[in-house]
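Below is one structure; the comments refer to it alone.
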Amino acid sequence: MTIVTNCRFCGTPLTATVVDLGETPLANSFVTESEATNEKCYPLSVRVCSSCLLVQTTIAVSPRDVFSGGYVYFSSVTDAWVEHARRYTDTTMARFGLEPRSLVVEVASNDGYLLQHFLKRDVPVLGIEPAANVAAAAVRKGIPTEVLFFNAETARRMRQEGKRADLMVANNVLAHVPDLVDFLSGFALLLKDEGIATFEFPHVLNLVREIQFDTIYHEHVFYLSLTAVERVFAAAGLMVVDVEEVPTHGGSLRLYAARRESSQVAAYSVAELRAKERMAGLDRVEGYLGFAERVEAVKAGFLAFLKQARSAGKTVAGYGAAAKGNTFLNVCGATRNDLVCVFDRSVAKQGKLLPGSHIPVVAPERLADIRPDYLVILPWNIADEVMATNGILRSWGGAFIVAVPEVRVL
Ligand SMILES: [Zn+2]
């Protein structure tokens, strides 16, 4: 772990604090009872660069800590995300005329949740995934996957092997890569001359507007705006040619980028989104100030809810052992005295404890035994899905709750 004092892109000292969330463990390191006594915590603070406006954490955690053993995220676990991937396939197949001679490369391809849809339609694919256990799940589905960290060097090697992509995809990975220029240069190298790369990441505009502080965790290095990212793309030999706002993860951007030398021109959507960010103040440091006070108010609201539930003798449980929930619970200082357990469909997490709060993770099948009065949906972005699959909660008068940006009964 090292402290980052200067902007990871432009080197300017990071002096403007967006929010300081105290010390917490890594959001994806689930622990056993015996590991819980000796858990490593790291400061979690976010600053905005006064020069290039990249919003970023001030701690560098080594990839070894992030990916060793505890890395148990499987994309196919949520139905909504698999459906999002299927729709993406339909759209891009038509828009870019993909066919059996094309190549689609996904960086951070996880368990093949996306590439499986292209494969079904006879478009050759290649996955690139750094976590070996997750890559193995993709290979079992018949999706060729290389286990490596993608960057300019590995892209150059693949290009020498004759690989060039018509479409490259990187969903929810850009924000996790400390050296953005090295990473993005790999796309400029591996794309065909007129190829397109798409990138999805949570839009920092929604983080600020909806007080989504629970999307902040150590491995999530950057909180990106189009304004900040366009300069980084240019430095890597890419240009943004189109942008869409998509609903995933509480509001994300999907950028379409082409090589600088390509013949493509930017759609009007790019100028429009730049203007929207300017209106929201994201083109200046001042647009980020005042966020920390709003986080305190969300936290106070949730603590008041817990206190009220306790004095009324009500049982509170959580749903969804995702990174988001872990930041939220740890910033609020919640423990298993507040939430009896968190239900999660991921078998890899069941039987373990959440990092920091040490709340046990149990299978959703046990909902009817535990019969909580309140079920706090921690990944509020999939609240509809959680309510649809856990409707049994209402049979004993239980209520679904979300806590961001304020406590609400659904
Ligand atoms: Zn900077």
Residues in segment 222-248 that are buried (at least 23 other Cβ atoms within 10 Å of the Cβ) and part of a loop (DSSP other than H, G, I, E, B): how many?
-> 1
Positions within segment 68-107 being charged (D, E, K, R), modelled with pLDDT of 90 or more and loosely packed, with under 13 Cβ neighbours inside 10 Å, in sequence order | ARG87, ASP90, ARG95, GLU99, ARG101
From the set of residues in segment 13-51 that are of a type outside the set (Gly, Ala, Ser), in a loop (DSSP other than H, G, I, E, B) and under 21 Å from LEU207 (Cβ atoms), which is farthest from the chain's Cα centre (by Cα)?
-> THR15
Just to be sure, is ALA399 crowded, with 22+ Cβ neighbours inside 10 Å, modelled with pLDDT of 95 or more and among the small types (Gly, Ala, Ser)?
-> no
Identify the single condition in (1) crowded, with 19+ Cβ neighbours inside 10 Å; (2) without any contact (Cβ under 8 Å) to a residue 24 or more places away in the chain that ALA258 does not satisfy, given that it satisfies every other one.
-> (2)
Return the total of residues in segment 1-55 being hydroxyl-bearing (Ser, Thr, Tyr), touching a helix residue (DSSP H, G or I) at 6+ places or on another chain (Cβ under 7 Å) and within 18 Å of VAL229 (Cβ to Cβ).
-> 1
Taking LYS324, is it touching an Asp or Glu at 6+ places or on another chain (Cβ under 9 Å), closer than 22 Å to PHE30 by Cβ and either modelled with pLDDT of 95 or more or of a type outside the set (A, V, I, L, M) (or both)?
-> yes
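For segment 264-272, check the following and say yes or no: at least one residue is touching a helix residue (DSSP H, G or I) at 6+ places or on another chain (Cβ under 7 Å), touching a residue at least 40 places away in the same chain (Cβ under 8 Å) and not in a loop (DSSP other than H, G, I, E, B). It would help to see each step written out before you state the result.
The initial filter retains those residues of segment 264-272 that are touching a helix residue (DSSP H, G or I) at 6+ places or on another chain (Cβ under 7 Å), namely none.
No, the conditions are met nowhere in segment 264-272.
Could you please let me know if SER357 is hydroxyl-bearing (Ser, Thr, Tyr) and over 24 Å from ASN28 (Cβ atoms)? Before the answer, list the steps.
Working: hydroxyl-bearing (Ser, Thr, Tyr): yes; over 24 Å from ASN28 (Cβ atoms): no.
Considered against the rule, which asks whether it is hydroxyl-bearing (Ser, Thr, Tyr) and over 24 Å from ASN28 (Cβ atoms), SER357 comes out as no.
Could you say which residue among ALA321, ALA292, ALA309 is more than 23 Å from LYS349 (Cβ to Cβ), within 24 Å of the chain's Cα centre (by Cα) and in contact (Cβ under 8 Å) with a residue 40 or more places away in the chain? Let's see the steps before the verdict.
Working: ALA321 fails: more than 23 Å from LYS349 (Cβ to Cβ); ALA309 fails: within 24 Å of the chain's Cα centre (by Cα).
The unique qualifying residue is ALA292.
Listed residues ILE392, ILE382; which is modelled with pLDDT of 95 or more and not in a strand (DSSP E or B)?
Values: ILE382 fails: modelled with pLDDT of 95 or more.
The conditions single out ILE392.
Considering only segment 1-11, how many residues are assigned to a strand (DSSP E or B) and within 12 Å of the ligand (Cβ to nearest atom)?
Let us first name the residues in segment 1-11 that are assigned to a strand (DSSP E or B), namely 2-3, 6.
Add one more test, that the residue is within 12 Å of the ligand (Cβ to nearest atom), and what stays is 6.
Matching residues across segment 1-11 total 1.
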Quick one: is VAL19 aliphatic (A, V, I, L, M), more than 16 Å from the ligand (Cβ to nearest atom) and either at pLDDT below 95 or assigned by TED's automatic domain parsing to the domain that holds ASP179 (or both)?
-> no
What pairs can you find where one residue is in segment 225-254 and on the phi > 0 side of the Ramachandran plot and modelled with pLDDT under 95, the other is aromatic (Phe, Trp, Tyr) and in a helix (DSSP H, G or I), and their Cβ atoms are less than 9 Å apart, with a gap of 6+ or different chains?
-> GLY250/TRP380
List the pairs whose first member sits in segment 6-22 and is small (Gly, Ala, Ser), whose second member is within 14 Å of the ligand (Cβ to nearest atom) and in a strand (DSSP E or B), and whose Cβ atoms are under 6 Å apart, counting only residues at least 6 apart or on separate chains?
-> ALA16/ARG47; ALA16/VAL48
Where LEU14 falls short, out of the listed (1) over 26 Å from LEU354 (Cβ atoms); (2) among the hydrophobic types (A, V, I, L, M, F, W, C); (3) away from the ligand (no atom under 16 Å from the Cβ) = (3)
So, first residue of a type in the set (Gly, Ala, Ser) in segment 358-387, second residue not in a strand (DSSP E or B), Cβ within less than 8 Å, six or more apart or across chains; the pairs are ALA363/ASP344; ALA363/ARG345; ALA363/VAL347; ALA363/GLN350; ALA368/ILE392; ALA383/LEU410
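Within segment 150-161, is even one residue over 22 Å from VAL241 (Cβ atoms), aromatic (Phe, Trp, Tyr) and in a loop (DSSP other than H, G, I, E, B)? Outline the logic, then answer.
In the first step, residues of segment 150-161 are kept if they are over 22 Å from VAL241 (Cβ atoms); the result is 151, 153-154, 156-158, 160-161.
Imposing the further condition that a residue be aromatic (Phe, Trp, Tyr) reduces the set to none.
Within segment 150-161 (the criterion being over 22 Å from VAL241 (Cβ atoms), aromatic (Phe, Trp, Tyr) and in a loop (DSSP other than H, G, I, E, B)), the answer is no, since none of the residues qualifies.
The values are calculated or read from the model by the stated rules, or taken from the named source; none is laboratory data. Note that the structure is predicted; figures quoted are calculated from it, not measured. No Cβ is skipped: glycine too gets one built from the backbone with ideal geometry, and neighbour counts run over all protein chains shown.
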